[in-house]
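Trainee: This is the structure I have questions about; it appears just below.
What follows is calculated from the coordinates using simple rules that are stated; it is not laboratory data. In this text the structure is predicted, and so the values were computed from the model without any measurement. In this analysis, Cβ positions are derived from the backbone assuming ideal geometry, glycine residues included, and neighbour counts consider all displayed protein chains.
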Amino acid sequence: MTNSKKDTLSTFPNPYRNKTYIVSIIQEITLNRQTFMFGMRFVPDKLLLDHESLASYLDQMLAQNPKKAEILAHDILEEIMDQIIPKWVEVNLKHEENKFGQNVMITIEESQPGWQSDALLKRLPAVF
């Protein structure tokens, strides 16, 4: 087994696999000495993600000094999808008033092929 960042992501069996529900995690992170809000939501399938291990994983990702928030959001989404294979996952990064006076919001999502729950997703409030 290779020692990668995603190896720090711990999982455990979803005891409520027969139900459809959303897990949301929001945390402040620092990227290139700028503060971002990180948000992730997912509809679990067989596995749940240990929240403490997610914090450690994010620390490791940020220690590599990614240059662009868009790349960071994509990489996180891909590794979460590979690790827990949720029915649906969404990753958000938000930065208010960057050094150019811009507000930046990045949202990226993915789902298992054929999975749909439009009624559930339409009821979701904004992450931030």
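Trainee: I need a count of the residues in region 77-108 that are closer than 18 Å to Asp45 by Cα and surrounded by 14 or more Cβ atoms within 10 Å (Cβ to Cβ). Spell out the reasoning first.
Mentor: Within region 77-108, the subset closer than 18 Å to Asp45 by Cα is 77-91.
This time we only want the ones that are surrounded by 14 or more Cβ atoms within 10 Å (Cβ to Cβ), so: 77-81, 83-91.
Final tally of qualifying residues: 14.
Trainee: Restricting the first residue to region 45-70 and requiring it to be touching a residue at least 24 places away in the same chain (Cβ under 8 Å), which pairs with a second residue that is in a loop (DSSP other than H, G, I, E, B) and surrounded by fewer than 14 Cβ atoms within 10 Å (Cβ to Cβ) meet a Cβ separation below 8 Å and a spacing of at least six or different chains?
Mentor: These pairs meet every condition: Asp45/Arg17; Lys46/Arg17.
Trainee: Across region 109-128, which residue is surrounded by the fewest Cβ atoms within 10 Å (Cβ to Cβ) among those that are touching a Lys or Arg at 6+ places or on another chain (Cβ under 6 Å) and over 18 Å from Leu31 (Cβ atoms)?
Mentor: By that ranking, first place goes to Trp115.
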